[in-house]
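Here is the structure we will look at, set down as C-alpha cells.
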C-alpha cells in the first residue's frame, strides 16, 4: 500500500506540467498522511481534498482511513470504485513516497531518478454531510511493485509519466482507453534509500524525514 508520501514540488515545474490548470504554490508537506488535505488535480480544476475516500452514499467519514488506496486489479469490481473510473479520475502531486520493508519494518523513501514531480493516479469522490457540507476525498491507486521495490514491499502507487497524467484526468477518455497506463513504473525511473524512523510519526513534517541513512539498494 501507499500510506505516506512527500509533497515538496517546484512551482514552475508544476505549472509546466499542468499548463491549463490554475495551480498554486503548495506548502511543503514532507510527511503527508491519511485525512490530511491537499490540492488535487482533476479534469478541469484543482480542488482541495482529504486523503481517504468517502463514498457518496456513506453515512459518515469513519471508513476514510481504510480507503486511502484502491487496488488496480479490482477497480471494476468494487462498488466504491467502479462508478468513479470513467468520470472521477484524479492526479496527486508528489515528489516521492515512503514504504516500510515488510520484513525489517525499516522505512524507505522512493523518488524519481531526475528528482522531478512524481504524480500518482487516483480516484476522487464527493460526500455531503448532514450539515450540507460538501467534502471532497481521494484515494491512490496501487499496482504490483516493479522488481526494484519488490525487495521491500508487494504494492506500489500508480505513478504516471509526464503527459500520461493529462490523459488520465481527461474525462473525454474512458477508463477503458487509459487502463494501459495502470502499471508499475519502470525500474530505471526510481531511486530509493532507507530513511530515519522519524517518518514513522506524522508529527515529524520536515525535510529531515528524507535524510539518507544508508546506500541505495540498487
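Go through (1) modelled with pLDDT under 95; (2) part of a helix (DSSP H, G or I) one by one and return the number of the condition residue 192 breaks.
(2)
Among the strands (runs of 3 or more DSSP E) contained in region 1-95, which hold 1 or more residues that are in contact with a strand residue (DSSP E or B) (Cβ under 9 Å, 6 or more places away or on another chain), modelled with pLDDT of 95 or more and exposed (fewer than 13 other Cβ atoms within 10 Å of the Cβ)?
In region 1-95, 46-51 are the strands (runs of 3 or more DSSP E) which contain 1 or more residues that are in contact with a strand residue (DSSP E or B) (Cβ under 9 Å, 6 or more places away or on another chain), modelled with pLDDT of 95 or more and exposed (fewer than 13 other Cβ atoms within 10 Å of the Cβ).
Of all the residues that make up region 110-134, how many are within 21 Å of residue 9 (Cβ to Cβ) and outside any strand (DSSP E or B)?
Of the residues in that region, 5 qualify.
Given (1) under 19 Å from residue 76 (Cβ atoms); (2) exposed (fewer than 15 other Cβ atoms within 10 Å of the Cβ), identify the lone condition not met by residue 134.
(1)
Restricted to region 195-218, and to residues that are in a loop (DSSP other than H, G, I, E, B) and at pLDDT 85 or above, which residue is farthest from residue 34 (Cα to Cα)?
Of everything passing the filter in region 195-218, 196 is farthest from residue 34 (Cα to Cα).
Which residues, taken from region 135-159, are assigned to a loop (DSSP other than H, G, I, E, B) and touching a strand residue (DSSP E or B) at 6+ places or on another chain (Cβ under 8 Å)? Lay out the reasoning, then the answer.
Let us first name the residues in region 135-159 that are assigned to a loop (DSSP other than H, G, I, E, B), namely 144-148, 152-155, 158.
Correct list: 144, 145, 146, 148, 152, 153, 155, 158.
All but one of (1) in a helix (DSSP H, G or I); (2) touching a residue at least 40 places away in the same chain (Cβ under 8 Å); (3) closer than 23 Å to residue 17 by Cβ hold for residue 177; which doesn't?
Just one mismatch for residue 177, condition (2).
Taking region 79-117 on its own, how many of its residues are over 19 Å from residue 150 (Cα atoms) and under 11 Å from the mean Cα position of the chain (by Cα)? Don't jump to the end; show me each part of the working.
If we filter region 79-117 for residues that are over 19 Å from residue 150 (Cα atoms), which is where we start, we get 79-95, 114-117.
Narrowing the set further to residues that are under 11 Å from the mean Cα position of the chain (by Cα) leaves 90-95.
Qualifying residue count, region 79-117: 6.
The values are calculated or read from the model by the stated rules, or taken from the named source; none is laboratory data. Not measured: the values here are computed from a predicted model. Using ideal geometry, Cβ is built from the backbone for each residue, glycine included, and neighbour counts are taken over all protein chains shown.
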